[in-house]
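Novice: One structure follows; several queries about it will come next.
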Amino acid sequence: MPYILSVGTGVPENEISQKDAMEFARHLFSRSVDHIDRLLKVFHNGEIEKRHIAKDIKWYQSDHSFVEKNDAFIEAAVDLSTQAIKDCLHSPLLKKNVEYEDIDAIFMICTTGLATPSLEARIMNVLPFSRHIKRIPIWGLGCAGGAAGLSRAYEYCRAFPSAKVLVVAVELCSLTFQKDDLSKSNLIGTSLFADGAAAVLVAGTESDCKRFTSSPVPRVIDTKSTLLSDSLDVMGWDIKDEGLFVVFSKSIPALVENWLEPNVSGFLEEHQMTIRDIGQFIAHPGGKKVILAYEKALKLQPEKTVESLNVLREYGNMSSASVLFVLKSFLNKNIRSGEYGIITALGPGFSSELLLARWE
């Protein structure tokens with residue numbers, strides 16, 4: 001079964017505190033929205049302290065066409081992905097650097113912008129990857145995309161057990177901001193979303209991965225993808241002339257509570273396990289309410305979700321990239337060989353991605 005060897009990350013230089021983000025929202029929405037102070041409580045209740053965004057905050061106060069925002073997306077996405085890939089392949093977790101030419105495939109995950117040629121082709125003009133690398137761009141999985149990319153990399157490395165592949169997730173959520181959208185979904189998105197990129201190195205069992213690591217690392221045992229029927233309106237984008245408009249249903253925390261537990265339990269039962277056998281819980285931090293819903297649904301103690309909450313607090317919700325930031329924090333922990341972990345993320349569809357891993 002394939003191994004996860006390292007994770008690298010990249011964030012924009014522009015950092016904004018949650019207090020400044022709230023004042024930005026107050027300035028834009030106060031003239032058009034009644035009871036603005038009551039609505040702005042979402043900024044206080046989300047446990048986010050700061051985030052990184054692609055542009056200076058003043059940029060978002062002006063109108064920008066879909067074309068202008070998408071051009072900014074491509075530029076920032078290539079830059080942040082390049083940062084994350086360098087950080088991944090030259091990680092201090094590795095005994096030696098992995099050469100770009102040794103990567104056999106790239107799974108490129110994004111949902112917040114459009115690019116053809118796709119992003120990994122543009123990255124290949126910046127970094128010296130092999131011209132024969134397999135390119136697998138995946139668009140539209142939203143917050144589930146990081147975990148889904150790991151699942152697809154797992155399957156690739158089972159088919160080609162000598163392969164080393166990269167999963168790269170990059171999201172520029174801030175560039176989808178619609179300053180004239182007065183919906184509650186847009187206000188919640190403004191309180192949550194941020195920008196960032198992550199890259200994960202996954203290696204097959206017949207690769208030379210043992211040369212690169214001496215500490216226990218997660219070995220993916222199995223994965224499961226699940227789609228909830230008739231749930232297309234739970235989360236996603238409405239695509240209009242002005243760009244991407246965020247869709248958030250208030251039912252998301254309840255869906256997590258009621259739907260996730262049987263999904264996780266059924267997955268673990270296939271391996272004669274229960275949630276009590278899982279020592280490490282690596283969850284996409286969609287928001288404070290989502291993290292609390294994880295705890296309630298799976299009867300987890302708060303210490304199980306500390307790393308997810310820390311990523312949310314320091315970086316906000318970076319959509320597909322966030323769960324990979326959480327994964328990085330687990331790779332930096334001293335986890336003993338034989339421990340089991342679950343990687344989980346939820347996204348549009350409404351969908352769930354699960355991976356079962358064991359440290360070896």
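The values are calculated or read from the model by the stated rules, or taken from the named source; none is laboratory data. Because the structure is a prediction, the values reported are computed rather than measured. All Cβ positions, glycine included, derive from the backbone under ideal geometry; neighbour counts span all protein chains shown. Ligands, DNA and RNA are stripped out before the accessible areas are found, and what is left, the full protein with its side chains, is counted by its heavy atoms. Shrake-Rupley method; radii C 1.70, N 1.55, O 1.52, S 1.80 Å.
Novice: Taking the Cα centre of the chain as origin and charging only Cβ (+1 Lys, Arg; -1 Asp, Glu), how large is the dipole, in debye to the nearest 20? Before the final figure, lay out each step's value.
Specialist: Working: 39 positive and 45 negative charges, 144 e Å.
Magnitude of the dipole: close to 700 debye.
Novice: Going from most exposed to least, what order do LYS164, LYS95 have by accessible area with a 1.4 Å probe?
Specialist: Values: LYS164 15, LYS95 125 Å².
Reading off the accessible areas and sorting them downward yields LYS95, LYS164.
Novice: Of the accessible area of segment 316-360, with the probe set at 1.4 angstrom, what percent is carbon plus sulfur?
Specialist: Values: 460 of 1100 Å².
Result for segment 316-360: 42 percent of the exposed heavy-atom area is carbon or sulfur.
Novice: For the chain, give me the percentage of DSSP beta bridges that are antiparallel, rounded to the nearest 5 percent.
Specialist: If I count the DSSP bridges inside the chain, around 75 percent turn out antiparallel.
Novice: Now for a different question. Relative to the Cα centre, what is the charge dipole magnitude of segment 218-359, using +1 at the beta carbon of each Lys and Arg, -1 at the beta carbon of each Asp and Glu, and rounding to the nearest 20 debye?
Specialist: Numbers: 15 positive and 17 negative charges, 117 e Å.
The calculation lands at about 560 debye.
Novice: Where Lys and Arg each count +1 and Asp and Glu each count -1, what net charge lies around LEU119 among other residues with Cβ under 13 Å from its Cβ? All intermediate terms of the calculation are to be shown ahead of the outcome.
Specialist: Details: positive: ARG122, ARG135; negative: GLU75, ASP79, GLU120, GLU171.
So the surrounding residues net to -2.
Novice: Just check segment 3-211 against the gyration tensor rule for me: Cα atoms, a ≥ b ≥ c as the square roots of the eigenvalues, rounded for a/c under 1.5, and otherwise prolate or oblate depending on whether a/b exceeds b/c. Mind dumping the intermediate values first?
Specialist: On the way: a/c = 2.54, a/b = 2.18, b/c = 1.16.
Judged from the Cα gyration tensor, segment 3-211 comes out prolate (a/c at least 1.5, a/b above b/c).
Novice: Return the lysines within reach of LYS240: Cα separation strictly under 21 angstrom, same-chain partners fewer than 8 residues apart disregarded; answer none if there are no such residues.
Specialist: LYS69, LYS179, LYS184
Novice: Taking only C-alpha pairs under 8 Å that are 6+ residues apart, what is the relative contact order of the chain in percent?
Specialist: Relative contact order of the chain: 25 percent.
Novice: So, one more: Summing -39500 (n - 2.57) over the DSSP H runs of n ≥ 4 in the chain and dividing by its residue number, what mean residue ellipticity at 222 nm do you reach, to the nearest 500 deg cm²/dmol?
Specialist: Roughly -9500 deg cm²/dmol at 222 nm, from the helical runs in the chain.
Novice: Arranged from highest to lowest average of other beta-carbon atoms within 10 Å per residue, in what order do the peptides 240-246, 192-198 appear? Kindly include the intermediate steps, with their values, before the conclusion.
Specialist: Numbers: 240-246: 16.9, 192-198: 29.1.
Most protected by this proxy first, the peptides run 192-198, 240-246.
Novice: Accessible area of segment 128-193 with a 1.4 Å probe: how many percent of it is carbon plus sulfur? Could the numbers behind the result be given before it?
Specialist: Details: 1360 of 2370 Å².
Solvent-exposed carbon and sulfur of segment 128-193 make up 57 percent of the total.
Novice: Here's a follow-up. Specify which residue in the list VAL247, SER231, ALA197 is farthest towards the positive end of the charge dipole of segment 182-265, using unit charges on the beta carbon of Lys, Arg (+1) and Asp, Glu (-1), about the Cα centre.
Specialist: ALA197
Novice: How would MET318, MET1 line up by accessible area, probe 1.4 Å, largest first? Please list the in-between numbers first.
Specialist: Numbers: MET318 0, MET1 80 Å².
Order by accessible area, largest first: MET1, MET318.
Novice: Related question: Straight-line reach only, C-alpha to C-alpha below 16 angstrom: list the lysines that LYS328 could link to, leaving out same-chain residues fewer than 8 apart.
Specialist: Of all the lysines, those that pass the test against LYS328 - Cα under 16 Å, at least 8 places apart if same chain - are LYS86, LYS304.
Novice: While we're looking at this one, here's another question. Leaving ligands and nucleic acids out of the surface, order HIS132, HIS52, HIS35 by accessible area at 1.4 Å, largest first.
Specialist: Numbers: HIS132 150, HIS52 20, HIS35 125 Å².
Correct descending sequence by accessible area is HIS132, HIS35, HIS52.
Novice: Heavy-atom accessible area per residue, segment 95-248, 1.4 Å probe: how many Å²?
Specialist: About 41 Å² of surface per residue is accessible.
Novice: Cα-Cα pairs above 22 Å in segment 138-274: how many percent?
Specialist: Value for segment 138-274: 55 percent of Cα pairs lie more than 22 Å apart.
Novice: For LEU244, what charge total do you get from the other residues with a beta carbon under 13 Å from its beta carbon, if Lys and Arg give +1 and Asp and Glu give -1?
Specialist: Once positives and negatives cancel, what remains is -3.
Novice: Please calculate the 1.4 Å probe accessible area of THR190, with all protein chains present, and give it to the nearest 10 Å².
Specialist: Accessible area, nearest 10 Å²: 20 Å².
Novice: By the gyration tensor of its Cα atoms, with a ≥ b ≥ c the square roots of the eigenvalues, what is the shape of the chain: rounded for a/c under 1.5, prolate for a/b over b/c, or oblate?
Specialist: It comes out oblate by the Cα gyration axes.
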